[in-house]
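Colleague: The structure that follows is given in the form of C-alpha coordinates.
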Amino acid sequence: AKTPVRLSVTPMERLGRIHASVEDLLPKDIRYVGGKAANFATLIRSVPNHVPGPSLAFTFDLWMDFLEQVLPDGRTLRSALGERLKGHSYPPDMGRLASDLAAIRSLIKDTCDFSESQKRSILDALKPLQPKGMVMSST
(Lines give C-alpha, C1' and ligand atoms only; values in the text may rest on other atoms or scores of the structure.)
Protein backbone atom coordinates (compact mmCIF):
# COMPACT_ATOMS: atom_id res chain seq x y z
CA ALA A 1 0.00 0.00 0.00
CA LYS A 2 3.01 2.33 0.43
CA THR A 3 4.28 1.82 -3.13
CA PRO A 4 3.48 4.96 -5.14
CA VAL A 5 1.29 4.60 -8.19
CA ARG A 6 3.15 5.10 -11.48
CA LEU A 7 1.98 8.41 -12.92
CA SER A 8 1.33 9.16 -16.54
CA VAL A 9 2.31 12.80 -17.00
CA THR A 10 2.00 14.69 -20.26
CA PRO A 11 5.11 16.84 -20.66
CA MET A 12 4.70 20.58 -21.18
CA GLU A 13 5.20 21.87 -24.72
CA ARG A 14 5.38 25.30 -26.26
CA LEU A 15 2.43 26.45 -28.35
CA GLY A 16 4.29 29.42 -29.83
CA ARG A 17 2.22 32.07 -28.06
CA ILE A 18 1.43 32.94 -24.45
CA HIS A 19 -2.35 32.53 -24.55
CA ALA A 20 -5.16 30.67 -26.25
CA SER A 21 -8.92 30.91 -26.34
CA VAL A 22 -10.26 28.17 -24.09
CA GLU A 23 -13.22 27.64 -26.40
CA ASP A 24 -10.81 26.39 -29.10
CA LEU A 25 -8.97 23.89 -26.91
CA LEU A 26 -9.27 20.12 -26.97
CA PRO A 27 -8.27 17.62 -24.26
CA LYS A 28 -5.09 16.84 -26.26
CA ASP A 29 -4.02 20.48 -25.72
CA ILE A 30 -3.20 19.65 -22.10
CA ARG A 31 0.47 19.76 -23.17
CA TYR A 32 0.14 23.50 -23.95
CA VAL A 33 -2.18 24.79 -21.22
CA GLY A 34 -2.65 22.12 -18.56
CA GLY A 35 -5.63 19.99 -17.65
CA LYS A 36 -7.98 22.59 -16.18
CA ALA A 37 -8.07 24.77 -19.27
CA ALA A 38 -8.00 21.93 -21.80
CA ASN A 39 -10.86 20.12 -20.09
CA PHE A 40 -12.82 23.29 -19.34
CA ALA A 41 -13.19 23.65 -23.11
CA THR A 42 -15.14 20.38 -23.16
CA LEU A 43 -17.42 21.73 -20.44
CA ILE A 44 -17.96 24.96 -22.38
CA ARG A 45 -19.01 22.98 -25.46
CA SER A 46 -21.29 20.76 -23.35
CA VAL A 47 -23.18 23.56 -21.60
CA PRO A 48 -22.51 26.72 -23.64
CA ASN A 49 -25.48 28.64 -22.21
CA HIS A 50 -24.08 28.34 -18.68
CA VAL A 51 -20.65 29.86 -19.32
CA PRO A 52 -20.37 33.57 -18.50
CA GLY A 53 -18.30 34.62 -21.53
CA PRO A 54 -15.06 34.14 -23.37
CA SER A 55 -12.31 32.31 -21.51
CA LEU A 56 -8.55 32.61 -21.84
CA ALA A 57 -5.77 30.20 -20.96
CA PHE A 58 -2.17 31.23 -20.51
CA THR A 59 0.12 28.68 -22.11
CA PHE A 60 3.20 26.99 -20.75
CA ASP A 61 5.23 29.29 -23.04
CA LEU A 62 4.73 32.08 -20.49
CA TRP A 63 5.80 29.85 -17.59
CA MET A 64 8.84 28.48 -19.45
CA ASP A 65 9.96 32.00 -20.34
CA PHE A 66 9.40 33.12 -16.73
CA LEU A 67 11.67 30.29 -15.53
CA GLU A 68 14.50 31.51 -17.78
CA GLN A 69 14.81 34.92 -16.12
CA VAL A 70 18.21 35.59 -14.62
CA LEU A 71 18.32 36.11 -10.86
CA PRO A 72 20.63 38.63 -9.14
CA ASP A 73 23.12 35.79 -8.40
CA GLY A 74 23.42 34.96 -12.13
CA ARG A 75 21.43 31.71 -12.06
CA THR A 76 18.15 31.27 -13.91
CA LEU A 77 15.02 30.79 -11.86
CA ARG A 78 14.77 27.30 -13.39
CA SER A 79 18.22 26.30 -12.11
CA ALA A 80 17.58 27.83 -8.67
CA LEU A 81 14.35 25.83 -8.33
CA GLY A 82 16.06 22.66 -9.52
CA GLU A 83 18.85 23.07 -6.98
CA ARG A 84 16.35 23.68 -4.18
CA LEU A 85 14.27 20.60 -5.05
CA LYS A 86 16.95 18.11 -6.18
CA GLY A 87 17.35 16.33 -2.83
CA HIS A 88 13.68 15.44 -2.42
CA SER A 89 12.30 11.97 -3.06
CA TYR A 90 9.31 9.87 -2.12
CA PRO A 91 8.27 9.64 0.62
CA PRO A 92 9.16 13.25 1.30
CA ASP A 93 10.58 14.71 4.47
CA MET A 94 7.57 17.01 4.92
CA GLY A 95 9.37 19.47 7.20
CA ARG A 96 12.24 19.97 4.76
CA LEU A 97 9.88 20.04 1.78
CA ALA A 98 7.65 22.67 3.43
CA SER A 99 10.72 24.78 4.17
CA ASP A 100 12.02 24.50 0.60
CA LEU A 101 8.61 25.30 -0.89
CA ALA A 102 8.33 28.37 1.37
CA ALA A 103 11.76 29.51 0.15
CA ILE A 104 10.69 28.99 -3.48
CA ARG A 105 7.47 30.92 -2.91
CA SER A 106 9.45 33.76 -1.33
CA LEU A 107 11.97 33.79 -4.19
CA ILE A 108 9.20 34.05 -6.78
CA LYS A 109 7.20 36.68 -4.85
CA ASP A 110 10.10 38.85 -3.70
CA THR A 111 12.73 38.53 -6.44
CA CYS A 112 11.11 37.49 -9.72
CA ASP A 113 8.93 39.42 -12.12
CA PHE A 114 7.65 39.27 -15.64
CA SER A 115 9.57 41.36 -18.16
CA GLU A 116 7.95 44.56 -19.39
CA SER A 117 7.23 42.83 -22.70
CA GLN A 118 5.56 39.90 -20.92
CA LYS A 119 3.48 42.28 -18.80
CA ARG A 120 2.27 44.09 -21.92
CA SER A 121 1.43 40.79 -23.62
CA ILE A 122 -0.47 39.55 -20.56
CA LEU A 123 -2.47 42.77 -20.23
CA ASP A 124 -3.21 42.83 -23.97
CA ALA A 125 -4.47 39.24 -23.78
CA LEU A 126 -6.76 40.12 -20.86
CA LYS A 127 -8.29 43.26 -22.41
CA PRO A 128 -11.10 41.48 -24.31
CA LEU A 129 -12.20 39.79 -21.09
CA GLN A 130 -12.60 43.01 -19.10
CA PRO A 131 -15.85 44.99 -19.03
CA LYS A 132 -15.57 48.14 -21.16
CA GLY A 133 -11.98 47.24 -22.03
CA MET A 134 -10.72 48.14 -18.54
CA VAL A 135 -7.78 46.17 -17.19
CA MET A 136 -6.48 46.77 -13.71
CA SER A 137 -2.74 46.73 -13.24
CA SER A 138 -0.64 47.01 -10.12
CA THR A 139 2.27 48.56 -12.04
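Colleague: On a straight-distance basis, which lysines could pair with residue 109 in a cross-link, Cα separation under 25 angstrom, same-chain partners fewer than 8 positions away excluded?
Modeller: In chain and number order, the partners are 36, 86, 119, 127.
Colleague: Let me know the shape class of the stretch 61-116, please: from the alpha-carbon gyration tensor, a ≥ b ≥ c as square roots of the eigenvalues, rounded when a/c is under 1.5, otherwise prolate if a/b is greater than b/c, or oblate.
Modeller: Since a/c reaches 1.5 and a/b is larger than b/c, the shape of the stretch 61-116 is classed as prolate.
Colleague: Taking the Cα centroid of the stretch 1-44 and of the stretch 94-109, what is the distance between the two, rounded to the nearest whole Å?
Modeller: When both Cα centres are located, 25 Å separates them.
Colleague: Oh, and also: With a 1.4 Å probe and every protein chain left in place, tell me how much accessible area residue 56 has, in Å² to the nearest 10.
Modeller: Its heavy atoms expose roughly 50 Å² to the probe.
Colleague: Please compute the contact order of the chain in relative form: average sequence separation of alpha-carbon pairs under 8 Å and at least six residues apart, divided by the residue count, as a percent.
Modeller: So the answer I get is 20 percent.
Colleague: Continuing with this model, one more query. How much accessible surface does residue 15 have with a 1.4 Å probe, in Å² rounded to 10?
Modeller: 50 Å²
Colleague: Could you tally the net charge around residue 124, taking each other residue with its Cβ under 14 Å from the Cβ of residue 124, Lys/Arg +1 and Asp/Glu -1?
Modeller: Spelling it out: positives minus negatives among the neighbours equals +3.
Colleague: Show that you can apply the helix-only estimate: for the chain, add -39,500 (n - 2.57) for every DSSP H stretch of four or more residues, divide by all residues, and state [θ] at 222 nm to the nearest 500. If you can, show how the numbers build up before the last one.
Modeller: Numbers: 6 runs with 61 residues, N = 139.
Taken over the chain, the calculation gives -13000 deg cm²/dmol.
Colleague: Further question: In a Debye calculation with equal point scatterers on the alpha-carbon sites of the stretch 1-80 and no solvent, what is log10 I(q)/I(0) at q = 0.27 Å⁻¹?
Modeller: Listed by q, the Debye log ratios stand at -1.17.
Colleague: Sticking to Cα atoms, compute the Rg of the chain to one decimal and its Dmax as the biggest Cα-Cα distance, whole number, in Å.
Modeller: Values for the chain (Cα only, Rg and Dmax): 18.3, 55 Å.
The values are calculated or read from the model by the stated rules, or taken from the named source; none is laboratory data. Keep in mind it's a predicted model, so treat the numbers as computed, not measured. So basically every Cβ, Gly included, is an ideal-geometry build from the backbone, and we count neighbours across all protein chains shown. Surface areas here come from the heavy atoms of the whole protein model, side chains and all, with no ligands, DNA or RNA. Shrake-Rupley method; radii C 1.70, N 1.55, O 1.52, S 1.80 Å.
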